[in-house]
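The values are calculated or read from the model by the stated rules, or taken from the named source; none is laboratory data. Treat the numbers as computed from the prediction; the structure is a model and nothing was measured. Cβ atoms come from the backbone with ideal geometry, glycine included; neighbour counts cover every protein chain shown. Calculation scope for accessible area: heavy atoms of the full protein, side chains included, ligands and nucleic acids excluded. Shrake-Rupley method; radii C 1.70, N 1.55, O 1.52, S 1.80 Å.
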Amino acid sequence: MGDADGQNIPPKLKPESWGLGKIPTGAKLFLILSGALLPLALVAAFAALQTTRLADQETRSRLRVAAAESSRALSIELTGDMNALRVALNALDDSPNDLASCARAQGVFAEQLSAGARFRIADKTGVVRCGSSAPLPIDASRLTGTSNPVAVIAPSRGLTLSITSPSGNLIATALFPIAFLNRIARPSGFTQPFGAEISNGDKALTLESLAGLGPLDRVEQMQVRLGLANLAMTMRVRSAPLTSTTLLATILPFLMWAAATSIAWFVVDRLLIRPLRQLRRTVAAYQPGSQIDLGVAHAMPAQEIRELGETFQAITRTVILHEAGLAEGLVRQTRLTREVHHRVKNNLQVISSLINFHARGARHPEAVAAYASIQRRVDALAVVHRNHYAELEENSGLSLRSIIGDLASNLRATVPDDQPAVAITLSLESWYANQDVATAIAFLITELIELAMMANPATTVAVSLSPGDAADRAILRVSSPSLVHDPLDGRDVADRYSRVLEGLARQLRSKLEVDPATGSYQIAVAITGRD
């Protein structure tokens, strides 16, 4: 089973591994809605563009047919006229007085002449052999050495085609005005406005203008070669314009996508995300003993969130009741603990008094010494217990300075009246320790002072408590001239004291260092703090 913090959830299943853990819920919702609705908007926009594309294809198809028809009509007309002119040119080149050939050419050009067309056959000196005597625009440099027609575009007049005779002595030129060419090139049955022009290289002759083009108008264009004198005809028509309706049909799906996404995000943010944030702030501001304001939950728009707020409020009521019960139980427990400690302290005092009473009635020195030894250990335990009872409300630990000071006073008081009092000097800094460490220290000091008194009842003992190498350690040192070398050497109690001192050192989880040359015992003890 996975724990609440997700420590046992595989990495692939954790939201942080998806890259979404740090994204706010509102942003996640916006991304999800965008991903869900954007394909619909793209499909609608594609449909609108496809409709426009189909209309363009239809327009392009009609334009291709019309351009082919117009170019074919122009090519037939111009080729036929130039062939008739070539026949007359060749005849006059062979026989300058062949008036019949000139008459036939004029007959062929009769309809064209009525439409404003002109033709002329003249020699290189400019003497007209047939046709109009008016000068016509020609490009003499391009006529040299070729029998193919040469086209010259006169933008204000029309199209000029020129050919030379086989001998190169005569030049035939025909001028086709713009109106004539426009009439020939107009496709039949094509009612849509169009533009048409004849181009020769970089020059163009406009036959029909496509006027009224706006910035949103689109143009379809088709160019067809005439197969005569490098001429080409270009035809243009308007394709389906980009009207406001077309633009709206293309843009509207994206507008609807943005609007739907924004509205959905706004609604969820107002109805869900913001109320949840407000409820979270309210719950985060909760203090033990207080109660969540129900008015905040009632003001939330979503019924489910209001119910969640009411649930939190019910939980706070339950917590308040439980805290009151715990507080009452703690008071009872504190009273019971104080009573137990008080009774233990009194019992230890009673035991110490009984031992003292029996010690006074003892007749043998060994019994008196045994009673005194027992009383010292009971007093050591009583000192620790008394200080623990005093510090019961503080929970900061037992003051080693107070315990060692009280212990030294009790040890002085246990010396029999017929013996000199032991001199105990103290050099203590204020440290705190827990009860187990304080009890072991009290017994260790008692054992070492009693050991010094066994060697010399009138001895002096120095007890010091100083800082250790670590912050949580203090150095306890007990030294006496009576402890120089081995005070138990040769005594039958040596093994007993050695085992007791080793056991107390193990209880303090440290090594008892002994310096026989100076009579000092030193050990590092654990502390919990400093006064």
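Observations on the model:
- The phi-based Karplus calculation (6.51 cos²θ - 1.76 cosθ + 1.60; θ = phi - 60°) puts the 3J(HN,Hα) values of region 80-92 at x, 5, 6, 5, 4, 5, 5, 4, 5, 4, 5, 5, 5 Hz, whole numbers, x for Gly and Pro.
- Inter-label distance, nm, simple model (7 Å from Cα along the C-beta direction), S409/R277: 6.5
- Sites A204 and L113, calculated FRET efficiency, Cβ-Cβ separation with R0 25 Å, nearest 0.05: 0.45
- The distance from the alpha carbon centre of region 498-528 to that of region 158-185 is 133 Å, rounded to a whole number.
- Whole-Hz Karplus values for region 367-383 come out as 5, 4, 5, 5, 4, 5, 5, 5, 4, 4, 5, 5, 5, 4, 5, 5, 4 Hz, taken residue by residue from phi with 6.51 cos²θ - 1.76 cosθ + 1.60 and θ = phi - 60°; glycine and proline positions read x.
- Cα gyration tensor shape for region 332-471, rounded if a/c is under 1.5, else prolate or oblate: oblate
- Förster-model FRET efficiency, 35 Å R0, E304 and D472, C-beta, rounded to 0.05: 0.10
- The residues neighbouring D56, those whose beta-carbon lies less than 12 Å from its own, together hold a net charge of +3 under the Lys/Arg +1, Asp/Glu -1 convention.
- Per-pair calculated FRET efficiency, R0 = 35 Å: V350 and R509 via Cβ, rounded to 0.05: 0.60
- Sorted largest first by accessible area at a 1.4 angstrom probe radius, with every protein chain in place, the residues T125, T460 fall in the order T125, T460.
- Averaged over residues, the count of other Cβ atoms within 10 Å places the peptides 351-360, 319-328 in the sequence 351-360, 319-328, highest first.
- Summing +1 for each Lys or Arg and -1 for each Asp or Glu among the other residues whose beta-carbon sits under 14 angstrom from that of K511 gives 0.
- Ranking E111, E69, E220 by solvent-accessible area of protein heavy atoms (1.4 Å probe, all protein chains present), from largest to smallest, gives E111, E69, E220.
- Per-residue HN-Hα couplings for region 115-123 [Karplus 6.51, -1.76, 1.60; θ = phi - 60°; Hz; x = Gly/Pro]: 8, x, 6, 9, 9, 7, 10, 9, 8
- The residues neighbouring D472, those whose beta-carbon lies less than 13 Å from its own, together hold a net charge of +2 under the Lys/Arg +1, Asp/Glu -1 convention.
- Computed log₁₀ I(q)/I(0) - Debye formula, equal Cα scatterers, no solvent, region 403-466, q 0.24 Å⁻¹: -1.07
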